[in-house]
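Participant: Structure incoming, see below.
The values are calculated or read from the model by the stated rules, or taken from the named source; none is laboratory data. Only a predicted model underlies this, so the values are computations on that prediction, with no experimental measurement involved. Neighbour counts are summed over all protein chains in view; Cβ atoms, including those assigned to glycine, are modelled from backbone coordinates with ideal geometry. When the accessible area is computed, the model is the full protein with side chains, heavy atoms only, and any ligands, DNA or RNA have been set aside. Shrake-Rupley method; radii C 1.70, N 1.55, O 1.52, S 1.80 Å.
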Amino acid sequence: MFDVICYRQLIKLHPCRYPSHARMWMAPIRSGLVDQKMSDYEGAMQDWRSFIDETKSFYGVDMSVLTNPFTEEQKKYYLQVWCYIALEQPSSRSDIGTCMVVKEIDCLTATINDIRNVHASISSSITEENMRFCGFGGWFDVHFRGSNKNPAQHEIELTTAPSEDYGTHWGQQVFLLHPPLRVQRGDDLILQFSMSRSKDNHRLMEVDLSCEMRQSGKSLPAFQKKFYIDLVMCGCLSVNLTNGDLPNQSIS
């Protein structure tokens, strides 16, 4: 969680914080995972229908009253919860459009309130011809620049972007569309992105996406999707170098 690098009370005179800057990225993708998730959802619903038939036949108990809440639960679990995946490229070319910066963060000055809610108006253009648009992939990168008063001698970037040769254990986060859409090169996607913390647990996130598509200059009706980030797998490192003190490292 990014919260760990927002503890301002650890900062003394002329701090140097690493990483010093961070960015959140997204891009439209294609992925066979969208079919697998739908198949898993349909399999779960078939199992439920079999369960209802068996309990009614063998025990005389009708469980169909629970079908609606069970359906909503399975739909959320299989179709709305983000997925961890390695979007390798260029062999698979999972990305099918230009990348978008969702949020830029100055780790030295950012507060928890600055990241409690993330809102962005962003856009992407499809770069592949006649492609299935299966959702969005997300990742982050961080930079080690130091500060104006204590700049790093050599700036270093750590990126978790899709890469066939330089992938990291973080992989990428995927938000899948059900059903996928067919897009063409040159189509534009105009997104309204909103991410907020769950009221039940501040470590869980809820993402609302509104996407308008423009094909051949014509605007198609926007679609809205809601996703849930139920597991925070992004680690972050905070190092505060002060007046001769030993580095204080925190990892979550």
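Participant: Calculate, for the stretch 94-183, the solvent-accessible area per residue in square angstrom, rolling a 1.4 angstrom probe over the heavy atoms of the protein chains.
Facilitator: Working: 4520 Å² over 90 residues.
Per residue, the stretch 94-183 has an accessible area of 50 Å².
Participant: While we're here: With charges only on Cβ, +1 for K and R and -1 for D and E, what is the dipole size of the stretch 106-174 about its Cα centre, in debye, rounded to 20? All intermediate terms of the calculation are to be shown ahead of the outcome.
Facilitator: Details: 4 positive and 9 negative charges, 71 e Å.
For the stretch 106-174, the charge dipole is close to 340 debye.
Participant: Name the residue from Tyr166, Gly137, Leu177 whose Cα lies farthest towards the positive end of the charge dipole of the stretch 136-220, charges +1 on Cβ of Lys and Arg and -1 on Cβ of Asp and Glu.
Facilitator: Comparing the listed Cα positions along the dipole, Leu177 ranks first.
Participant: Direction-averaged shadow area of the convex hull around the Cα atoms of the stretch 76-152, nm²?
Facilitator: Details: hull surface 32.8 nm².
Hull-based average projected area comes out at 8.2 nm².
Participant: Could you tell me whether the stretch 173-227 comes out rounded, prolate or oblate from its Cα gyration tensor? Rule is a ≥ b ≥ c as square roots of the eigenvalues, rounded for a/c under 1.5, then prolate if a/b exceeds b/c, otherwise oblate. Walk me through the numbers before you get to the answer.
Facilitator: Working: a/c = 3.26, a/b = 2.46, b/c = 1.32.
Prolate shape, in that a/c is at least 1.5 and a/b is the bigger ratio.
Participant: A further question follows. May I ask which of Lys103/Lys226; Lys37/Lys218; Lys37/Lys103; Lys103/Lys218 have a Cα-Cα span longer than 23 Å here? Spell out each step's value before the answer.
Facilitator: Details: Lys103/Lys226 19 Å; Lys37/Lys218 31 Å; Lys37/Lys103 28 Å; Lys103/Lys218 28 Å.
Checking Cα-Cα distances, Lys37/Lys218; Lys37/Lys103; Lys103/Lys218 exceed 23 Å.
Participant: Something else about it: Any idea what % of Cα-Cα pairs in the stretch 117-183 are farther than 13 Å? Intermediate results must be reported in sequence, preceding the final value.
Facilitator: Details: 1704 of 2211 pairs.
For the stretch 117-183, the share of Cα pairs beyond 13 Å comes to 77 percent.
Participant: If you don't mind, there's one more thing I want to ask. Under a 5 Å amide H to amide H cut-off, with H placed in plane at 1.01 Å, what residues pair with Ser31 once short-range neighbours are removed?
Facilitator: Those lying under 5 Å, H to H, from Ser31 are Cys134.
Participant: What FRET efficiency would be calculated for the residue pair Ile156, Gln36, taking the C-beta separation as r and a Förster radius of 35 Å, to the nearest 0.05?
Facilitator: Working: r = 37 Å, r/R0 = 1.04.
Plugging the Cβ-Cβ distance into 1/(1 + (r/R0)^6) gives 0.45.
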